[in-house]
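Values quoted throughout were computed directly from the atomic coordinates according to the rules given, and no laboratory measurement underlies them. Treat the numbers as computed from the prediction; the structure is a model and nothing was measured. We place every Cβ from the backbone using ideal geometry, glycine too, and count neighbours over all the protein chains shown.
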Amino acid sequence: MEARLPLEPGSLVIRRLSLRDFRNYRDRVFYLRPGFTYISGPNAVGKTNLLEAIFYLTALRSPRRARDQDLVRLGTGGFRLEGEFHGTGGAMRVEVCYRVQEGKRIVVDGVARRPSEYVGRANAVFFAPDDLLLIKGSPAGRRDFLDGLLTRLYPLFGRWQNTYQRALAQRNAALKRGQAGAVEMWEEQMALPAARVVLARVKALRRLAARLSLYLGDITDGREELSLSYRASLRTLDIADAAETLAGKFAVAWKQDRAKDLASGITAVGPHRDDYAFILDGQDGRQFASQGQQRTIILSLKLAELDFIADVRRERPILLLDDVLSELDASRREYLLRTLSGTTQTIMSGTEPPEAVGGGQIAFSCIRLGE
Ligand SMILES: Nc1ncnc2c1ncn2[C@@H]1O[C@H](COP(=O)(O)OP(=O)(O)OP(=O)(O)O)[C@@H](O)[C@H]1O
Ligand SMILES: [Mg+2]
């Protein structure tokens, strides 16, 4: 089962991955090929950890929201990951060293880089069964997904988000101390970044929804229609507003809320309280989507995310599918593999033997763990 699928130019490929004291890995090197790779093995051998390491090398954070110190192999003081990528810009070697005491250091092609200089240069999309929670789970999970994507694509977004979060924390602290003057001062700092964060989210949702609908239509033969609807805590939001206009509306809302917020000690309005919903055939997916529908929607969302990143970065990201194939029925599995074939390096994991995947139709490289 050799991979004989050359990828079209324009996709990112990881060729080599080395892990040291990362999760359950003491010291290990993997060589990877373009096309499809299937990582098989029994439970708890390190399949998810391997995919997590690849994602970490691109985003400098765990796709599972684990903290850096949780990634360090128990009993050691830090980890080291190294990846060799090939993409539109040629070859790139990335090294990340994390020490519990000192934090992380990133070296790209021999040059030390700050995280903000590197994040976004290499991209991956991670898809695990837990992602189904995006539809019915907490608003925080949905915000994380969207903000994480925007942070990796647009360095400025991360800065607006940080500025907003820091000022918000200060306003909340001032609310708890009952210092109305300080509260007002922090509102001024919060208004413009809040507006920019919200407008960027709305724009991204619109782009994602357009692609998502195409995939969903394909998979369900056009039977299901889906839109993504932004639920703003600011009632006066108009998505056509310029950032300055919207910032003005935030300022007005916070001023009006000040007495109430001083009593409760929290800021009731702002991007930190916003949400979005998956509207399926006119109904809110939170209440109505069946298990199978959720799976199909999230599959379409992940394909849409791939396209979105590819559009912005002019390079197809790597797709990491953790334990996802076994959860899809035969026709969805076939659709997924057909859609990705020849365009996307796809690294998948599962406990089934490789023979059970792909129905013999598709060429795979295999990595067997735990043998
Ligand atoms: N920081 C750590 N240090 C040492 N071992 C760890 C650390 N974090 C996780 N592990 C161990 O790594 C092992 C492999 O975990 P992983 O989630 O990758 O398994 P998996 O192959 O995906 O299994 P499954 O098929 O159940 O999903 C687990 O036994 C886990 O306890
Ligand atoms: Mg796993």
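Peptides 194-206, 140-152 ranked from most to least packed give 194-206, 140-152, packing being the mean of other C-beta atoms within 10 angstrom over each peptide's residues.
Under a model in which nothing but the beta-carbon of Lys, Arg (+1) and Asp, Glu (-1) is charged, segment 250-371 shows a dipole of about 420 debye around its Cα centre. Amide hydrogen proximity for VAL324: with H placed 1.01 Å from N in the peptide plane, the residues at 5 or more positions away or on another chain lying under 5 Å are SER349.
Beta bridges from DSSP with both residues in the chain: antiparallel share about 70 percent, rounded to the nearest 5. Using the Karplus relation 6.51 cos²θ - 1.76 cosθ + 1.60 with θ = phi - 60°, the per-residue 3J(HN,Hα) values for segment 30-38 come to 10, 9, 10, 10, x, x, 9, 10, 10 Hz, with x marking Gly and Pro. Take the Cβ atoms of ARG368 and ILE266, set R0 to 45 Å, and the FRET efficiency comes out at 0.30. Spacing of the modelled spin labels on SER138 and ASP238, each 7 Å from Cα toward Cβ, amounts to 3.5 nm. About its Cα centre, the dipole of the chain is roughly 1100 debye, where the only charges are +1 on Lys and Arg Cβ and -1 on Asp and Glu Cβ. Gain on full extension, evaluated as 0.36 nm per residue between ASP130 and SER326 minus their Cα-Cα distance, stands at 69.2 nm. Here the simple spin-label model places points 7 Å from the Cα toward Cβ, and for SER229 and ARG273 these points are separated by 2.0 nm. Placing a pseudo-label 7 Å from each Cα along the Cα-to-Cβ vector at LYS176 and GLN291 gives an inter-label distance of 4.2 nm. A Förster radius of 56 Å, combined with the Cβ-Cβ distance separating ARG338 from ASN24, puts the computed FRET efficiency at roughly 0.95.
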